[in-house]
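Notes follow once the structure below has been shown.
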Amino acid sequence: MKIDVESFKGLSDFDNVLIVDANGIVIFYDLADLNVLKELDLRPENFLGKHITSFYKDLTNENSTLMNVLRSGVPLCNVKQEMTTNKGNTFVSVNSTYPIKEGDQIIGAVEFSKHFFDKKNIQHLDKYARHKVYRKNDTIYTIDDIITANPKMTAIKQKLEKISKTDSTVLIHGRTGTGKEVIAQAIHNLSDRYSHPFVSLNCGAVPANLLESTLFGTTKGSFTGSEDKPGLFEQAEGGTLFLDEINSLELSLQVKLLKAIEEKSIRRIGGKKNIRLDIRVISATNEDPDLLLSEKRMREDLYYRLGVVQLDLPSLKERQEDIEVLLQHYIEFYNNNMNIFIDEVDQEVIDCFKAYNWPGNIRELKNAVETAFNHASEHRITMEDIPRRIREYQMAAPVNPAMNSMISSLREAVEDYEKKIIENELEQTNGVIAQAARRLGLSKQSLKYKMDKYRLR
């Protein structure tokens, strides 16, 4: 398809990009201001998969620029449209719309736009004026990123729907790598605060003498070299402040944190006035809160204030049913993000992953899959591709004496193991011998021989 380069000049003036398929269904969007979605009474995850005309009262297949371009195949540039959202708010949109073609067939359309709200809506939109226009809310996770088949984690996911509707503080307890920040971001993106900032701080990563100014900000002249600088509490205004490793805070700072949360206001270091806050605080600890209290490393009053809602995340070792689910999830992730494609994993690797204790939890599993991608060949992951500590863990595990008593000879043990592997592969491939043979690294003839030997057909 020939492209008129002149028609694309000035696209940098537009804020938003939206792509629909041949039927007018939204398949991609990138909005400069998430508050536009609020005006449409939509959440980000609900925007995709809907017909473009469903978002506005007065938009039809006949007057929609996208639908016109899908029909004609002719670009429409700098078209001015006045539209009314389903909430009754009117705004003007200036659009430049282009067809997407594959050969002579129109398979979609892309629209670049800029929105201008009428004066009568300025008062309605004024509540958003405290914040700069930003392209993202500084999150990368939603509830869909909580991958699980585990009953306890499934129950936690269900709780998040309710928790997100309130502004109560949440304390997340879980070992390193269990996904505490994923949970925190999921809560934020499920809540009505999703169009405002999500501000995150690992309290253990900031020197103790800088934590107070980092959280509460500074006033010029309060100490040598100080400036008027907002802290993280102010930066999170309207949104969510996530404090990870809250257990690393010194007791003196815990008192100030408690005061800020209870009074919903802070005072900058050296400041003379209180600053009111509209934020939600979510905190996390990788140590058992009961241990922190018994060792007096966390104030009881702060714990009760932070833990109005407490979520206890299980370790990956306690989520055995999730290991293979997460393995497949990260294989798909790296297939899409690395110049490598994996479509097979040796059963020995899966068994090894299930036997491993995963001290680094989900983060360690993700890193192990990335390691395997860097070593794998022939589109499959073998034992040689995974980290050595995981590979050798099973080898170092003690032999079960009860198992030894059940096996009369080495030959019987090997054959029994081989039979189980073949049975599992045949089950995984729904009895397709060619596919099972490929996964096992055998010829079809060899697999048929072994199936006959073990009476598997």
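Overview of values
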read-out: Stretch gain in nm, segment Lys152-Glu62, where the contour uses 0.36 nm per residue and the Cα spacing is subtracted; value: 27.4 nm
read-out: Out-of-range pairs (alpha-carbon distance over 30 Å; input Lys229/Lys264; Lys354/Lys419; Lys180/Lys264; Lys50/Lys180; Lys87/Lys114; Lys180/Lys272); value: Lys50/Lys180; Lys180/Lys272
read-out: Separation of the Asn336 and Ile107 label points, Cα + 7 Å toward Cβ, nm; value: 1.8
read-out: Label-point separation, Ile19 to Glu370 (7 Å along Cα→Cβ), nm; value: 2.6
read-out: Two-site label geometry, Ser377 and Arg391: point separation in nm, points 7 Å out along Cα→Cβ; value: 1.3
read-out: For the range 319-396, with +1 on Lys and Arg beta carbons and -1 on Asp and Glu, the positive-most of Thr382, Ala372, Phe341 along the dipole; value: Ala372
read-out: Amide hydrogen neighbours beyond the local backbone of Ser200, cut-off 5 Å, H modeled; value: Phe242
read-out: Footprinting exposure proxy for Phe373, Phe55 (fewest neighbouring C-beta atoms within 10 Å first); value: Phe55, Phe373
read-out: Centre separation in Å (Cα based) which lies between the range 276-342 and the range 144-213; value: 7
read-out: Nearby aspartates and glutamates by direct alpha-carbon distance to Lys101 (threshold 15 angstrom, same-chain neighbours under 8 apart not counted); value: Asp4, Asp21, Glu111
read-out: Fraction of beta bridges assigned by DSSP in the range 143-312 that are antiparallel (%, nearest 5); value: 15
read-out: Modelled FRET efficiency - R0 30 Å, Leu456 with Phe28, Cβ distances, 0.05 increments; value: 0.05
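All of the numbers you see were taken from the coordinates with simple rules; none came from a lab. The model shown is predicted, which means the values in this text are computed figures rather than measured ones. All Cβ positions, even for glycine, are placed from backbone atoms using ideal geometry, and neighbour counts span all protein chains on display.
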